[in-house]
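What follows is calculated from the coordinates using simple rules that are stated; it is not laboratory data. This structure is a prediction, so every number in the text was calculated from the model and none was measured. Please note: Cβ atoms are built from the backbone with ideal geometry, for glycine as well, and neighbour counts cover all protein chains shown.
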Amino acid sequence: MASNLEVVIMAAGKGTRMKSSLPKVLHPVAGKPMVCHVIDTVRQLQARQTVVITGHGAEQVEAALTASYGSAGLQFARQMPQLGTGHAVQQAAPHLADEATVVVLSGDVPLTQADTLQALIAASGGDKLALLTIEFADPTGYGRIVRDAAGQVQAIVEQKDASDEQRHIREVYSGIMAVPARLLKPWLARLDNKNAQQEFYLTDVVKFAVADGVPVVAHVITDAAQVAGVNSPAQLAELERIHQRRL
């Protein structure tokens, strides 16, 4: 993989529904913290550096990762308070080199495969915003991929901001993207929180790309487990079962 690859892993969430004092990303799948599965996948890509965004239980998360991986190629940035996914990645921006291609991942989505990320990076090609997307029969809770009549991606609309018509869209954003840092950084600076959740959405970079004439491409996959996140003990147990079946 290209040596200019840098990765941001969002790992600041509290995980209230996990009903546990353990930070969400440290809950284990197959005996290993979820976020470690993500980092191990990133290591296969030979990323130049990985920036982990911490928040709830930051000290615990940072200590666990430093113990597992050391400090080489691993940076931490604190998100306090948590004001959305865009705000999370804003904390990483100072660590990102302008010439880098950046992949944004979530620390609670442990089963994404390296070849999927390689294909996403290839789709970005150093000059495009590439989104990992998937179609769900029930897309509830996910940001919808809005395309124009020609099939070009125009926006990601979050569930709470979606119109009734948009809520019928089945193609959704996985939370994973690849984008050149030289494009991402100015877009991050333009984010605002004028939306239903009063958060800074990372997904708003899509409309900035469209406005700036930067192509937005979708790499569509069909394997739902690769984009499955964990928000509850039941979801954690389901991912454990899927992981065991794939061993």
Please give the peptides 185-193, 88-96 ranked by average Cβ packing (other Cβ atoms within 10 Å per residue), highest first, as a rough proxy for protection.
88-96, 185-193
Residues whose built amide H sits under 5 Å from the amide H of HIS27, excluding neighbours closer than 5 in sequence, are MET34
Principal axis box of the range 69-140, alpha-carbon based, largest edge first, Å:
38, 29, 26
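Starting from the coordinates of the alpha-carbon atoms of the chain, obtain the Kirkwood hydrodynamic radius over all distinct pairs and give the value in Å to one decimal.
Details: mean 1/r = 0.0552 Å⁻¹.
Averaging 1/r across every pair of different Cα atoms and inverting gives 18.1 Å.
Given Cα pairs under 8 Å that are at least 6 residues apart, what percent is the relative contact order of the range 88-247?
Numbers: 258 pairs, mean separation 52.7, N = 160.
About 33 percent, as a whole number.
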Need one number: % antiparallel among DSSP beta bridges in the range 1-136, to the nearest 5.
10
Given all pairs of distinct Cα atoms, the range 130-175 yields a Kirkwood Rh in Å of 10.5
How far apart, in nm, are the 7 Å Cα→Cβ label points at GLN44 and GLU135?
2.6
Once amide H atoms are placed 1.01 Å from N in the peptide plane, what residues at a sequence separation of 5 or more from LEU105, or on another chain, have their amide H within under 5 Å of its amide H?
VAL8, ILE9, MET10
Per residue of the range 17-24, what does 6.51 cos²θ - 1.76 cosθ + 1.60 with θ = phi - 60° give for ³J(HN,Hα)? Whole Hz please, x for Gly and Pro, Karplus curve as stated.
6, 6, 6, 8, 7, 6, x, 3
Tell me the net charge near GLN113. Cut-off is 14 Å between Cβ atoms, GLN113 excluded, with +1 for each Lys or Arg and -1 for each Asp or Glu.
-1
Cubic angstrom per residue, convex hull over Cα atoms of the range 25-161
146
List the aspartates and glutamates whose alpha-carbon lies under 13 Å from that of LYS160, not counting same-chain residues fewer than 8 positions away?
GLU199
When the expected Rg is taken as 2.2 N^0.38 Å, what fraction or multiple of it is the alpha-carbon Rg of the range 116-203?
1.12
Starting from 0.36 nm per residue, how many nanometres of slack lie between LEU247 and SER3 once their C-alpha separation is accounted for?
84.9 nm
